[in-house]
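Student: To start, I am sharing the structure in question, which I have written as structure tokens.
Bear in mind that the values in this text are calculations on the coordinates, not laboratory data. All figures in this text were calculated on a predicted structure; none of them were measured in a lab. Heads up, the Cβs are rebuilt from the backbone with ideal geometry, glycines too, and the neighbour counts pull from every protein chain shown.
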Amino acid sequence: MTFIVRRPGPKLAPFVESLWYFTGELAHRRERVLPSGKAQLLVNLHEDELRWYDDRANRMAGAGFMGAHDRPFAIDTREQRAIVGVSFRPGGAFPFVDPRETSGLHVALEDVWGREGRVLRERLLEERTPAAMLAGLESMLVDRARRLTVEPAIAFAVGALEEGARVGAVVDRLGMTPRRFIRTFEERVGLAPKRFARVRRFQRVLAAERAFDWAAIAAELGYSDQAHLIHEFALFAGETPTAYRPRVDAPNHVPLRE
């Protein structure tokens with residue numbers, strides 16, 4: 001199994017967390033992918049198709065955008081045994097795609113980028129090494145970006161909501177009307193502010209120590225009580241906190257029983 005991570009250069013760093021390459025077979029076949037409020041670009045090198053599973057089987061071409069999600073879905077790891085991807089920061093996909101068009105969805109890259117999205121997979125397969133693939137993908141993103149300018153208001157809002165600030169307090173600090181703030185945030189991030197804040201708080205729960213004291217975590221992270229935390233956890237993870245058993249290397253990926 002090979003997993004290579006490339007940190008982006010200065011131009012992309014405010015928008016992209018990492019570019020990565022994975023090849024190999026995991027011991028389990030199915031796994032649930034939990035929502036993070038972030039978008040990804042995925043290119044399946046194993047076959048020219050991406051599949052995911054919710055209440056039904058879904059499929060599209062082998063290169064696509066996974067928009068900011070607020071619900072879990074499942075994948076078959078054998079169908080993605082060789083894959084390259086881009087993990088965006090919250091709101092970081094905006095220079096490359098309209099987040100509203102991909103929110104909660106998987107969208108074929110050719111549907112948002114046209115011919116360039118249609119041929120990306122073939123171009124990556126022509127590269128001789130994973131490092132060359134990632135370098136080519138980074139170069140393509142720089143060329144493709146509509147603009148690589150950080151918007152201070154959105155950056156502040158994302159950071160504040162990540163830390164647990166209330167939406168009303170963020171609106172007051174920015175001096176926007178609530179309607180304008182919600183519209184602008186959705187345009188840039190792909191989720192409504194309150195929904196984004198709930199998903200990111202869920203992520204902070206996942207980052208807590210494994211010896212969970214649910215009552216203490218609920219109080220620390222601003223849940224009304226332990227029952228509220230458990231309800232939110234089940235909504236975003238598809239299972240209760242005590243049943244949560246993620247991959248050791250990936251807290252957002254939960255192996256499923258066959």
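Student: Give me the extension gain from M1 to F156: residue separation times 0.36 nm, minus the current Cα-Cα distance, reported in nm with one decimal.
Tutor: Values: separation 155, 0.36 × 155 = 55.80 nm, distance 3.85 nm.
Gain on stretching M1 to F156: 51.9 nm.
Student: Still on this structure, I have one more. Given Cβ point charges of +1 (Lys, Arg) and -1 (Asp, Glu) and nothing else, what value in debye, to the nearest 20, does the dipole of segment 44-160 about its Cα centre take? Write down the numbers at each step before the final one.
Tutor: Numbers: 16 positive and 19 negative charges, 31 e Å.
Dipole of segment 44-160, to the nearest 20 debye: 140 debye.
Student: Going by average Cβ density within 10 Å per residue, which order do the peptides 222-231, 98-107 take, highest to lowest?
Tutor: Details: 222-231: 14.8, 98-107: 17.5.
Averaged packing, sorted descending, gives the order 98-107, 222-231.
Student: Okay, next question. Kindly put L41, L235 in sequence by how many other C-beta atoms sit within 10 Å of each C-beta, fewest to most.
Tutor: Values: L41 25, L235 15.
Exposure proxy ranking, most exposed first: L235, L41.
Student: Using modelled backbone amide H atoms (1.01 Å from N, in-plane), which distant-in-sequence or interchain residues come within less than 5 Å of E31's amide H?
Tutor: Those lying under 5 Å, H to H, from E31 are I75, T77, L256.
Student: Quick one: Karplus J couplings for segment 133-150, per residue in order, coefficients 6.51, -1.76, 1.60, θ = phi - 60°, nearest Hz, x for Gly and Pro?
Tutor: 4, 5, 5, x, 5, 5, 4, 4, 5, 4, 5, 7, 4, 5, 6, 10, 10, 6
Student: Please report, in debye to the nearest 20, how large the charge dipole of segment 152-241 is about its Cα centre when each Lys and Arg carries +1 at its beta carbon and each Asp and Glu carries -1 there.
Tutor: Details: 13 positive and 11 negative charges, 104 e Å.
That gives a dipole near 500 debye.
Student: Can you tell which of R51, R128, R198 shows the greatest fluctuation in a Gaussian network model of the chain with Cα springs below 10 Å?
Tutor: Among R51, R128, R198, the largest GNM mean-square fluctuation belongs to R128.
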